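*Asks:* Just dropping this structure here.
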Amino acid sequence: MDNYDGNILIMADPDAVAEEAAGRFACAAVKYAAEAGRFTVAIPGGSSPVGMFERLASPEYSSTVPWQMTHIFFTDERCVPPDHPDSNYRQAWEQLFSRVPIPDSNIHRFMAELPVEQAAAEYEKTLKSVLGDDLSLDIIILGMGQDTHTASLFPDSPALKEMDRLAAPNYIEKLGADRLTLTYPMINSSKQIIIIAFGQDKAGAVHEALSGDQDPIKHPIQGVRPVYGRLLWLIDRAAAGDMCK
Ligand code: 6PG
């Protein structure tokens, strides 16, 4: 783990990871709502956040989180309409937003039905208008693919080099498709970054990320380095692989 200067929590299994993530989400929501009058968070798509969504929608958590003061953004989006089966927004709507009392006006999705450049520009405007001068999210929750991509920052993709815009289009060769993604400047300005990875199929990516050659172009997750915030890996034993030995 020589490439790494953050914290790594190795949990027993995916359920424990989900529980820890939901607990940290709820605690941060209460803290920032009390201190700043609002809580700002970005969530990913994919399977990694599903357990956390489930817990946040349960009575235990849904009654704790100050949803009226919670603003939810997305780390990335597929270039599809919001009701498309592949939409990260649709997943979050079905598994979380539709089950908790969060105002629609507090949900900030990519307008992924627009042309990709316009959608990215609109999202940057949204980030700036909601966050104001402090473009630092309270928490950003990230998943990681087996190829160590995160958000929609894939290996060797153009948006890895985007150091000015907060959100950008990103053509992904191997998918043959455009994506929309937060960029490193936006991700790394967060007060807290939580990377969720669990399961045997992520062990290789975790090893590459933490012990492989330092090369964010090949391993985009390695470019996640908060400027002044904190970084936490929430992984389970299966994803930790030989770290547990
Ligand atoms: C997405 C996600 C993406 C995800 C990784 C991991 O749009 O799919 O935002 O970055 O976090 O692909 O996916 P899993 O969580 O499904 O392993």
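No lab work stands behind these numbers, since they all come straight from the coordinates. This one's a predicted model, so the numbers in the text were calculated from it and none came from an experiment. With ideal geometry, Cβ positions are generated from the backbone for all residues, glycine too; neighbour counts draw on all protein chains shown.
*Asks:* Can you name the residue in the range 45-71 that is among the aliphatic types (A, V, I, L, M) and away from the ligand (no atom under 14 Å from the Cβ) and is also surrounded by the most Cβ atoms within 10 Å (Cβ to Cβ) among such residues? Give the steps one after another, and end with the answer.
*Replies:* So in the range 45-71, the residues among the aliphatic types (A, V, I, L, M) come out as 50, 52, 56-57, 65, 69.
Next cut, away from the ligand (no atom under 14 Å from the Cβ) only: 56-57, 65, 69.
On the way: 56: 27, 57: 17, 65: 23, 69: 19.
Here the answer is 56.
*Asks:* Against the condition farther than 23 Å from residue 149 by Cα, touching a residue at least 40 places away in the same chain (Cβ under 8 Å) and either out of contact with any helix residue (DSSP H, G or I) (no Cβ under 7 Å at 6 or more places or on another chain) or away from the ligand (no atom under 12 Å from the Cβ) (or both), how does residue 41 come out, does it pass? If you could, list the steps in order and put the result at the bottom.
*Replies:* On the way: farther than 23 Å from residue 149 by Cα: no; touching a residue at least 40 places away in the same chain (Cβ under 8 Å): yes; either out of contact with any helix residue (DSSP H, G or I) (no Cβ under 7 Å at 6 or more places or on another chain) or away from the ligand (no atom under 12 Å from the Cβ) (or both): yes.
Considered against the rule, which asks whether it is farther than 23 Å from residue 149 by Cα, touching a residue at least 40 places away in the same chain (Cβ under 8 Å) and either out of contact with any helix residue (DSSP H, G or I) (no Cβ under 7 Å at 6 or more places or on another chain) or away from the ligand (no atom under 12 Å from the Cβ) (or both), residue 41 comes out as no.
*Asks:* Of everything in the range 127-156 that's free of Cβ contacts under 8 Å to residues at least 40 places away in the same chain and not charged (D, E, K, R), which residue is nearest to the ligand (Cβ to nearest atom)? Working first, answer last.
*Replies:* Going residue by residue through the range 127-156, those that are free of Cβ contacts under 8 Å to residues at least 40 places away in the same chain are 128-129, 132-134.
Then keep just the ones that are not charged (D, E, K, R); that gives 129, 132.
Numbers: 129: 23, 132: 25 Å.
Within the range 127-156, the match that is nearest to the ligand (Cβ to nearest atom) is 129.
*Asks:* Could I ask something else about it? I need a count of the residues in the range 28-44 that are surrounded by fewer than 18 Cβ atoms within 10 Å (Cβ to Cβ) and either within 17 Å of the chain's Cα centre (by Cα) or charged (D, E, K, R) (or both). Give the derivation first.
*Replies:* If we filter the range 28-44 for residues that are surrounded by fewer than 18 Cβ atoms within 10 Å (Cβ to Cβ), which is where we start, we get 30-31, 34-38.
If we keep only those that are either within 17 Å of the chain's Cα centre (by Cα) or charged (D, E, K, R) (or both) as well, we get 31, 35, 38.
Residues in the range 28-44 being surrounded by fewer than 18 Cβ atoms within 10 Å (Cβ to Cβ) and either within 17 Å of the chain's Cα centre (by Cα) or charged (D, E, K, R) (or both): 3 in total.
*Asks:* Looking only at the range 161-170, decide whether some residue is under 18 Å from residue 10 (Cα atoms), within 14 Å of the ligand (Cβ to nearest atom) and of a type in the set (Gly, Ala, Ser).
*Replies:* Within the range 161-170, not a single residue is under 18 Å from residue 10 (Cα atoms), within 14 Å of the ligand (Cβ to nearest atom) and of a type in the set (Gly, Ala, Ser).
*Asks:* Quick one: residue 78 ticks every box in (1) surrounded by fewer than 16 Cβ atoms within 10 Å (Cβ to Cβ); (2) of a type outside the set (Phe, Trp, Tyr); (3) in contact (Cβ under 8 Å) with a residue 60 or more places away in the chain; (4) within 14 Å of the ligand (Cβ to nearest atom) bar one, so which box is it?
*Replies:* All conditions are met except number (1).
*Asks:* Collect the residues in the range 98-136 that are in a loop (DSSP other than H, G, I, E, B), closer than 14 Å to residue 42 by Cβ and of a type in the set (A, V, I, L, M, F, W, C), keeping them in residue-number order. So that I can check it myself, show each step before the final result.
*Replies:* Initial filter on the range 98-136 (in a loop (DSSP other than H, G, I, E, B)): 100-103, 108-115, 132-136.
From what is left, the residues that are closer than 14 Å to residue 42 by Cβ are 108-110, 135-136.
Residues satisfying the conditions are 110, 135.
*Asks:* Working only within the range 169-186, note down all residues that are crowded, with 22+ Cβ neighbours inside 10 Å, among the β-branched types (Val, Ile, Thr) and in contact with a Lys or Arg (Cβ under 9 Å, 6 or more places away or on another chain).
*Replies:* 183
*Asks:* Another question, then. Can you find a residue that is in contact (Cβ under 8 Å) with a residue 24 or more places away in the chain, closer than 16 Å to residue 148 by Cα, more than 12 Å from the ligand (Cβ to nearest atom) and acidic (Asp, Glu) anywhere in the range 198-210?
*Replies:* Taking every residue of the range 198-210 in turn, at least one turns out to be in contact (Cβ under 8 Å) with a residue 24 or more places away in the chain, closer than 16 Å to residue 148 by Cα, more than 12 Å from the ligand (Cβ to nearest atom) and acidic (Asp, Glu).
*Asks:* Check whether at least one residue in the range 68-79 is under 24 Å from residue 239 (Cβ atoms) and not charged (D, E, K, R), and report yes or no.
*Replies:* Yes; the residues of the range 68-79 include at least one that is under 24 Å from residue 239 (Cβ atoms) and not charged (D, E, K, R).
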